[in-house]
1. Largest first and to the nearest Å, give the Cα extent of region 115-244 along each principal axis.
2. Report the residue, chosen from A114, A98, A46, that carries the largest GNM mean-square fluctuation when the chain is represented by alpha-carbon nodes joined by springs under 10 Å.
3. Could you work out the relative contact order of the chain? I mean the mean sequence separation of Cα pairs under 8 Å and 6+ apart, divided by the number of residues, in percent.
4. Pairs to check: K16/K171; K64/K134; K127/K236; K61/K166. Give those whose C-alpha atoms are more than 29 Å from each other in this structure.
5. Please report F138, F93, F260 as a ranked list, fewest other C-beta atoms within 10 angstrom at the top and most at the bottom.
6. Can you sort C142, C60, C195 by how many other beta carbons sit within 10 Å, fewest first?
7. Per residue, how big is the convex hull of region 22-126 when only Cα atoms are used? Give it in Å³.
8. Volume per residue, Å³, of the convex hull around the alpha-carbon atoms of the chain?
Amino acid sequence: MITPPLGQDKLVGFFKKAIREDSLGHAYIIEGDTGIGKKTLAGYFAAMAVCAEGTACGECKQCKQTIAEVNPDITVLSADGKASIGVDAVRDFISTVAYRSVHGGRHVFIIHDADLLTVQAQNALLKVIEEPPKGVLFLLLCKQKAQLLRTITSRSQILKLSPLPKEVLSKIVPDCGGFELTYCKGNPGTLIRICADEEFKEFRNNAVDVVAKVFTDGDEALYDAVDFFEANKERKEDLFTITLYVLRDVMCKKNGLTPFIINADKANTINAVSAVLTPATCMRAIESVLEAERGMGKYGNFNLAVQSMFIRARNAMKNGNNKQMC
Ligand SMILES: [Zn+2]
């Protein structure tokens, strides 16, 4: 048997049943964050759909080809690091839709990063999704289905991937630490990435210290933090996550929810920040981080956004403390 993805029993069961009862649809949208397991699940669905037994048995000719990634009945299109997938790539991709499957069963077309399809490309795809030849199955993977045309989503079934519980995550990466398990927010891809990244521990330690000092130290610390963010901007998402976790931990501390603190190994640092923030100023700091993260978009000015985020957070703290003193 080809091993099913861990933690996806419900979706796998749903798909297996549809194959068994011959009620499989012709297009599914698999929606979820980067790293959540969309490709793994789509790969398993495809393996089941083309398997001679319909079970991803691992023994039949089709399965052997699937395992070796040479099954002619599974065709994959991805952005390959490009900003979008254009109409020519889609036309080329679907050029074999009308042909019979090589093995006489189903032909699966998988599109990774479907949210990067241009409108023209989606319209080209729509033509085959509207009237697909028998045996054709489309699996469209995307972060948010809202990025796809309504005409596509309305003709597809939506399967949403949710974060995985810690018990499952610790099976996926057996020797990961408690901090990493919490930090990844149920995302196996993030967990695998941070556990494999030898520099992540040091980066995270430094990031927590730098963020904490924005609140506990003088103005100089604010500019050190901006420099640190700029120097590590390729880890943009991690920087915002770590900043939010520091402030979230402060809220936990203030509310007596110490067992829920994520940065438990940095208790002294969290205590120091907690000593200078009130619940209200901490909330305002959290808001300024969320706002900076939202406003960032793809092409936002990172340095400016970070600078204004820390200035607003610090001002909230100063104003709050002044009010308290009055
Ligand atoms: Zn098989």
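Only the coordinates and a few stated rules stand behind these numbers; no lab work does. Predicted model, so just to flag it, every value in this text is computed and none were measured. Please note: Cβ atoms are built from the backbone with ideal geometry, for glycine as well, and neighbour counts cover all protein chains shown.
1. Result, largest extent first: 65, 35, 21 Å.
2. A98
3. Numbers: 436 pairs, mean separation 49.4, N = 326.
Once divided by the residue count of the chain, the mean separation gives 15 percent.
4. Working: K16/K171 23 Å; K64/K134 24 Å; K127/K236 38 Å; K61/K166 36 Å.
With Cα atoms farther than 29 Å apart: K127/K236; K61/K166.
5. Working: F138 24, F93 20, F260 13.
Exposure proxy ranking, most exposed first: F260, F93, F138.
6. Details: C142 23, C60 16, C195 19.
Sorted ascending by nearby Cβ count, the order is C60, C195, C142.
7. On the way: hull volume 12.2 nm³, N = 105.
Convex hull volume per residue, Cα atoms: 116 Å³.
8. Working: hull volume 49.9 nm³, N = 326.
Residue-normalised Cα hull volume stands at 153 Å³.
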